[in-house]
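Asks: Have a look at the structure that comes next, please.
The values are calculated or read from the model by the stated rules, or taken from the named source; none is laboratory data. Note that the structure is a prediction, hence the values are computed from the model and not measured. Because the Cβ atoms are built from the backbone with ideal geometry, glycine has one as well, and the counts that use them run over all protein chains shown. For accessibility, only protein heavy atoms count, side chains too; no ligands or nucleic acids. Shrake-Rupley method; radii C 1.70, N 1.55, O 1.52, S 1.80 Å.
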Amino acid sequence: MKKKGLIFLILFSGFILSLLLSLFFGLEEPFRGDSALILSMIRIPAVLKAIVAGSCLALSGMMLQTISKNPLADPYLTGLSSGAGLGIVLSILLFNGINYSIFGFLGALISACLVISLSGFSKFSITKLILIGLSLNLFASSVISFLILLNPDKAYSMTLILTGGFSSADISNKTLCLLFVILLFICALFIPKLNILRLDSRLVFQNEQGANKFNILFVILSAFLTSLAVYSAGILGFAGIICPLLVRLLLGSDARILFFGNILAGSTLLLIANFISNNLIYPMQIPLGVVVAIIGAPFFVFFLVKKGGAILK
Amino acid sequence: MIKIEELNFKYNDEIIFENADVEIPSGKITVILGPNGVGKTTLLKIITKSLKAQATKGFSFQNDFKKMFYLPQNASCPTGVSTFDYLSTVFFKNGWKWFLNESEKELVNKALYEVELFDKKDLNVENLSAGELQKANMALGLLSGADLFLLDEAVSNMDLINEIKIFNMLNKLLYKEDGGVTSVLIMHDINTAANFGEYFIGIKKGKKGKIVQARKDEFFTKENLKEIYGIDFEITNLNGKIYVQAVG
């Protein structure tokens, strides 16, 4: 228990540090010397979006990994992100910006249902799940690329969705926060139920067909989370797979603890990635997805090699 | 007691049971014996209703047990969770709670005590031995309120000592004060089965749907075992203890 408290403290201080770093340091040139303007126009929205996208991706990954009992499941590999991305791109094309998130959600939900029903709901086959998710992922990304080619006038906002970046959505901070808080609240209601799914699915407690019902519920929740993440930061791979795995390595498999761990780890990862992407080769912006993979991969592989046996057996 | 009459079941075109009658008495340890692939697991799955028997005219399924619990061999377990937390999982099924209340904690402690794991309650489940993990899983069954345990080769991978410990525990659970727990086990080790089982169900090889069932003293005859396994056996009865040896 002591160890878990310490890890929490480290995660939390990491989060606070990266938050302060992204708020108060940076190389952006001041608008007429007004640094308050930078804060409110550039940094605060970016920080908000990083926190939202990071927590949503991490939580969604954690749910998908628990229900599929497969460490490879994440919003990107299962095609949820690309599905949501396709939904959002379509809504940019058809409706000129309104109802972004409804379409994103529909896209994510449809891809979630497709992937999970095609790979067999209760008896997940790992290979099938990954292959179907991968195909869906490629399919949706290719359709997005195709749509970008056809519509050069709206290409910029659509490209940002495809490669990941915080400027894609011109949503007000208030709306984003509101959506995020509502989603977190719903998640917090259901999170203890996720613990049931850590039991072997072959155990049968007769007179209770509970597990399947919760499966569907968590798929829908993770589709919601993914669509909000894609909406605020575009399609980002990797964050949704490494955060839940890393947090599980550090904190065990109690969903109630993992919930907070994932929010902290996901936000920290994206805050740091955002800071690097803005400031490393200023004034150029490195695509966010690139930075996430570059800092995430070595870190993750290190942990996996050092103590990964526990979750991969 | 469970009483199934005229059970018919087939996988695609392969007939597994044909007009079979099965009985599972309450308050006894029942052992299901038979070679691989004759339908032992299928029978348990029909009992838990995970598989549906053919609805024929004479088919009847009578069940006096309140709740069943099915435990497979080598059930997987989560990592980084203490045994106590692992067992408390059952209580998250209902309601919206984030934490267990005192009476639920008390129930978990009681179940841990009943399966003799109380001193390991703070140990992580992945650090339990195979025998202890199956005991923890049985405690899950106890917590869910089951009064019938269906153990599908749940003791098959264990060493002798752990196997005996589990049987002693199952024997104790039969006479639990707040309602005994009946167990049904699928087993391959005939001698251990003969030592601990009281009622036996043998599923015959090659003759689909034929079931031999009897109490211990009537079940262990050369004819019965030859019919079930298709080879000859030598049976020794020493003061009620039965020893079985296969002959070529």
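Asks: Please go through the stretch B:162-179 and give me each residue that is surrounded by 15 or more Cβ atoms within 10 Å (Cβ to Cβ) and in contact (Cβ under 8 Å) with a residue 60 or more places away in the chain, ordered by number. Before the answer, list the steps.
Replies: Within the stretch B:162-179, the subset surrounded by 15 or more Cβ atoms within 10 Å (Cβ to Cβ) is B:162-167, B:169-170, B:173-174.
Within the stretch B:162-179, B:Phe167, B:Leu170, B:Leu174 qualify.
Asks: Quick check on my filter: what residues within the stretch B:141-156 are facing chain A (nearest Cβ under 10 Å), under 14 Å from the mean Cα position of the chain (by Cα) and part of a helix (DSSP H, G or I)? Talk me through it step by step, then tell me what you get.
Replies: Pass one, the stretch B:141-156, residues facing chain A (nearest Cβ under 10 Å): B:141, B:143-146, B:148, B:150, B:152.
Okay, now just the ones that are also under 14 Å from the mean Cα position of the chain (by Cα), so B:141, B:146, B:148, B:150, B:152.
Scanning the stretch B:141-156 gives a single hit, B:Gly141.
Asks: Given the condition open to solvent by less than 40 Å² (accessible area, probe 1.4 Å), within 13 Å of chain A (Cβ to nearest Cβ), over 14 Å from the mean Cα position of the chain (by Cα) and touching a residue at least 12 places away in the same chain (Cβ under 8 Å), answer yes or no: does some residue in the stretch B:120-129 qualify? Please lay out each step first, then the result.
Replies: Initial filter on the stretch B:120-129 (open to solvent by less than 40 Å² (accessible area, probe 1.4 Å)): B:125, B:128.
Right, trim to within 13 Å of chain A (Cβ to nearest Cβ) and you get B:125.
From what is left, the residues that are over 14 Å from the mean Cα position of the chain (by Cα) are B:125.
Narrowing further to those that are touching a residue at least 12 places away in the same chain (Cβ under 8 Å): B:125.
Scanning the stretch B:120-129, I find at least one residue that is open to solvent by less than 40 Å² (accessible area, probe 1.4 Å), within 13 Å of chain A (Cβ to nearest Cβ), over 14 Å from the mean Cα position of the chain (by Cα) and touching a residue at least 12 places away in the same chain (Cβ under 8 Å), so the answer is yes.
Asks: Something else: Please indicate, with yes or no, whether at least one residue in the stretch A:275-296 is within 15 Å of A:Leu59 (Cα to Cα) and in a helix (DSSP H, G or I). Walk me through how you get there before you give the answer.
Replies: In the first step, residues of the stretch A:275-296 are kept if they are within 15 Å of A:Leu59 (Cα to Cα); the result is none.
So far as the stretch A:275-296 goes, no, none of its residues is within 15 Å of A:Leu59 (Cα to Cα) and in a helix (DSSP H, G or I).
Asks: Mind checking which residues of the stretch B:107-119 are at negative phi and free of Cβ contacts under 8 Å to residues at least 60 places away in the same chain?
Replies: The answer is B:Leu107, B:Val108, B:Asn109, B:Lys110, B:Ala111, B:Leu112, B:Tyr113, B:Val115, B:Leu117, B:Phe118, B:Asp119.
Asks: Can you spot a residue in the stretch B:24-47 that is at pLDDT below 85 and polar (S, T, N, Q)? Give the steps one after another, and end with the answer.
Replies: Here is the first cut: in the stretch B:24-47, the ones at pLDDT below 85 are B:37.
Going one step further and asking which of them are polar (S, T, N, Q), we end up with none.
No, because not a single residue in the stretch B:24-47 is at pLDDT below 85 and polar (S, T, N, Q).
Asks: Please count how many residues of the stretch B:8-30 are outside any strand (DSSP E or B) and of a type in the set (Gly, Ala, Ser). If you could, list the steps in order and put the result at the bottom.
Replies: Filtering the stretch B:8-30 for residues outside any strand (DSSP E or B) gives B:12-13, B:25-28.
Then keep just the ones that are of a type in the set (Gly, Ala, Ser); that gives B:26-27.
Here the count works out to 2.
Asks: Mind counting the residues in the stretch B:24-66 that are within 22 Å of B:Gly141 (Cα to Cα) and touching a residue at least 60 places away in the same chain (Cβ under 8 Å)? Even if it seems obvious, please write down each step before you answer.
Replies: Start the filter on the stretch B:24-66 by keeping residues that are within 22 Å of B:Gly141 (Cα to Cα), which leaves B:24-32, B:40-51, B:62-66.
From the residues that got through so far, the ones that are touching a residue at least 60 places away in the same chain (Cβ under 8 Å) too are B:24-32, B:40-41, B:43-44, B:47-48, B:62-66.
Final tally of qualifying residues: 20.
Asks: Tally up the residues in the stretch B:56-110 that are within 14 Å of chain A (Cβ to nearest Cβ) and assigned to a helix (DSSP H, G or I), please.
Replies: Step one: filter the stretch B:56-110 for residues within 14 Å of chain A (Cβ to nearest Cβ), giving B:61, B:63-101, B:104, B:108.
In the following step, the residues that additionally are assigned to a helix (DSSP H, G or I) were identified as B:83-93, B:104, B:108.
The number of residues fulfilling the criteria is 13.
Asks: Okay, moving on. Name the residue that is surrounded by the fewest Cβ atoms within 10 Å (Cβ to Cβ), counting only residues in the stretch B:39-60 that are closer than 21 Å to B:Lys204 by Cβ and aliphatic (A, V, I, L, M). Break it down stepwise before answering.
Replies: Initial filter on the stretch B:39-60 (closer than 21 Å to B:Lys204 by Cβ): B:39-47, B:51, B:53-54, B:56, B:58-59.
Filter once more, so that each one left must be aliphatic (A, V, I, L, M): B:43-44, B:46-47, B:51, B:53.
On the way: B:Leu43: 26, B:Leu44: 23, B:Ile46: 21, B:Ile47: 23, B:Leu51: 15, B:Ala53: 20.
Going through the qualifying residues, I end up with B:Leu51.
Asks: Give A:Leu189, A:Leu179 a once-over and let me know the one that is surrounded by 13 or more Cβ atoms within 10 Å (Cβ to Cβ) and either part of a helix (DSSP H, G or I) or at pLDDT below 75 (or both). Let's see the steps before the verdict.
Replies: On the way: A:Leu189 fails: surrounded by 13 or more Cβ atoms within 10 Å (Cβ to Cβ).
Result: A:Leu179 is the single residue among A:Leu189, A:Leu179 that is surrounded by 13 or more Cβ atoms within 10 Å (Cβ to Cβ) and either part of a helix (DSSP H, G or I) or at pLDDT below 75 (or both).
Asks: If we scan the stretch B:157-173, do we find a residue that is farther than 30 Å from B:Asn237 by Cα and not in a helix (DSSP H, G or I)? Can you show your working first?
Replies: Restricting attention to the stretch B:157-173, the residues satisfying the condition of being farther than 30 Å from B:Asn237 by Cα are none.
No: zero hits.
Asks: A follow-up question, please. Mind checking which residues of the stretch B:112-121 are under 23 Å from A:Arg256 (Cα atoms) and either touching a Gly at 6+ places or on another chain (Cβ under 6 Å) or at pLDDT 90 or above (or both)? Working first, answer last.
Replies: Within the stretch B:112-121, the subset under 23 Å from A:Arg256 (Cα atoms) is B:112, B:120-121.
If the condition is that a residue be under 23 Å from A:Arg256 (Cα atoms) and either touching a Gly at 6+ places or on another chain (Cβ under 6 Å) or at pLDDT 90 or above (or both), then B:Leu112, B:Lys120 are the ones that fit.
Asks: Can I ask one more? Go through the stretch A:69-93 and give me each residue that's in a helix (DSSP H, G or I), surrounded by fewer than 24 Cβ atoms within 10 Å (Cβ to Cβ) and either in contact with a Gly (Cβ under 7 Å, 6 or more places away or on another chain) or in contact (Cβ under 8 Å) with a residue 24 or more places away in the chain (or both). Write out each step before concluding.
Replies: Restricting attention to the stretch A:69-93, the residues satisfying the condition of being in a helix (DSSP H, G or I) are A:80-93.
In the following step, the residues that additionally are surrounded by fewer than 24 Cβ atoms within 10 Å (Cβ to Cβ) were identified as A:90-93.
Once the filter is applied, which keeps residues that are in a helix (DSSP H, G or I), surrounded by fewer than 24 Cβ atoms within 10 Å (Cβ to Cβ) and either in contact with a Gly (Cβ under 7 Å, 6 or more places away or on another chain) or in contact (Cβ under 8 Å) with a residue 24 or more places away in the chain (or both), the stretch A:69-93 yields A:Leu90, A:Ile92, A:Leu93.
Asks: Separate question: Among the residues of the stretch A:231-279, which ones are of a type in the set (Val, Ile, Thr) and within 12 Å of chain B (Cβ to nearest Cβ)? Give the steps one after another, and end with the answer.
Replies: In the first step, residues of the stretch A:231-279 are kept if they are of a type in the set (Val, Ile, Thr); the result is A:235, A:241-242, A:247, A:257, A:263, A:268, A:272, A:276.
Passing the criteria: A:Val247, A:Ile257.
Asks: Considering the stretch A:23-53 alone, what residues qualify as being at pLDDT 85 or above and among the small types (Gly, Ala, Ser)?
Replies: A:Ala46, A:Ala50, A:Ala53 - these are the residues of the stretch A:23-53 that are at pLDDT 85 or above and among the small types (Gly, Ala, Ser).
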